[in-house]
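The values are calculated or read from the model by the stated rules, or taken from the named source; none is laboratory data. Being a predicted model, the structure only gives us computed values, none of them experimental. Virtual Cβ from ideal backbone geometry, glycine too; neighbours counted across all protein chains shown. Note: accessible area is taken over every heavy atom of the protein model, side chains too, but ligands, DNA and RNA are not part of it. Shrake-Rupley method; radii C 1.70, N 1.55, O 1.52, S 1.80 Å.
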Amino acid sequence: MTIKDIARLSGVGVATVSRVLNHHPDVSEDTRRRVLAVVAEQGFQPNNNAKHLKQQTGASIALIVKGTMNMLFADLVERCQQLLEDAGRDAAVYYLDEDANEVACALQLCRERKPLGVLFLGGDLEFFQAEFQHISVPCVLLTSSAQGLPFPNLSSLTTDDEEAACQVVRYLADRGHRHIGLLGGNRSCTQISYRRVLGFQRALDQLGLPFDPRRCEPSRYSMPDAYDSTRRLLARCPELTALFCVSDLMAIAAIRAIRDLGRRVPEDISVVGYDGIPLGRFSVPRLTTVRQNTQRLAERGVELLLGSLQQRRPPVHDVVPFQLIPGESVARLG
């Protein structure tokens, strides 16, 4: 009995079974119960000693995931694991808090587990600038751009976050919105959401709308924090008619907070998210969002990493297209 047998009997992918067995948080409870039921029924015992030995001898690819509640990264992890498995490579996944130092984690892994390469899902460029020179294995950073960093072993793939945020603001303005708030985001130029904040501000300037810092509320990439942040923002700025959230998870929490305040989406306040996670298609109302191409991010990221393992090449820094997907969460004013 192998992990592939467990996946077949459970009706899920091998990567999903791996995450269940390693107690990762990005698996639904229904799926987790189904997999564990098959594991118990078959008496399956994972060979942890063999797995650990593989990791120590440098046979695996390390996937370092920034944040434990980012559903976009959950999709990326599964796609990357499957692509690496198809290429005959093992992947070991490591989850960090969104404020943790992913480069320090990679350095420790390189010393202790000696991975062949590292895929970073999310990252703070400040950490790369300070410590990445000590990492020698091929690496790829997904969803943030490392262009301009002087490292021959670091490639990156990202969405044009600034232009995507501009399109969101223009979309809202075209529908009559002039009082637009921003939920989440960080003005530090090394943070993943910086370009979204920059695009938000640039679009307001282009439209002749004032940028008011009071209408911007920080939030972690979690639903409870986004819920509380939305309530604070609306208490401070009740005049807002639209809210741009820098992730879909924040947007879904914001819709709940707005409803709990006795207001309606989109009749009273319109909401736009970012990422295009599947959950947004099933929210009520269906979420308007910027969809990132996770399939392309995963395929190109794995392709770049495996290519670097086989033959050292110059770093590549690509931009992956996005789509603004209209839903039901934006109303036209007037």
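List of remarks:
- Net +/- balance of residues flanking PRO321 in space, Cβ distance below 9 Å, scoring K and R +1, D and E -1: 0
- Antiparallel %, DSSP beta bridges [both residues in the chain], to 5: 10
- Taking amide H positions as modeled 1.01 Å from N, with prolines and chain starts lacking one, the residues under 5 Å from CYS216 and 5 or more places away or on another chain are LEU182.
- Here the calculated FRET efficiency for MET1 and HIS134, from their Cβ-Cβ distance with R0 = 45 Å, stands at 0.65, rounded to the nearest 0.05.
- In a fully extended conformation the segment linking GLU328 and ASP86 would gain 83.3 nm over its present Cα-Cα distance, using 0.36 nm per residue.
- Computed over protein heavy atoms with a 1.4 Å probe, the carbon and sulfur contribution to the accessible area of the chain reaches 50%.
- For the chain, the per residue solvent-accessible surface stands at 45 Å², with DNA, RNA and ligands left out and a 1.4 Å probe.
- Semi-axis lengths, Å, segment 128-248, gyration tensor of Cα atoms, sqrt of 5 times eigenvalues: 32, 17, 11
- Extension reserve of the ARG256-LEU36 stretch, reckoned as 0.36 nm per residue once the Cα distance is removed: 76.0 nm
- Look at where the Cα atoms of segment 113-130 and of segment 270-328 average out, and the two centres are 19 Å apart.
- Split the chain at each of the chymotrypsin sites (Phe, Trp or Tyr not before Pro) in a DSSP loop with at most 15 other beta carbon atoms within 10 Å, and the longest piece is 1-210.
- You can think of it this way: the chain between GLN295 and PHE151 has 49.3 nm of extra reach, that is 0.36 nm per residue less the Cα-Cα gap.
- Degrees between helix 248-260 axis and first principal axis of the chain (Cα, 0 to 90, nearest 10): 40
- Where GluC sites (Glu not before Pro) fall in DSSP loop in segment 104-160, at most 10 other Cβ within 10 Å: none
- Applying a DSSP loop filter and a limit of 15 other Cβ atoms within 10 Å to the GluC sites (Glu not before Pro) in segment 290-334 leaves GLU328.
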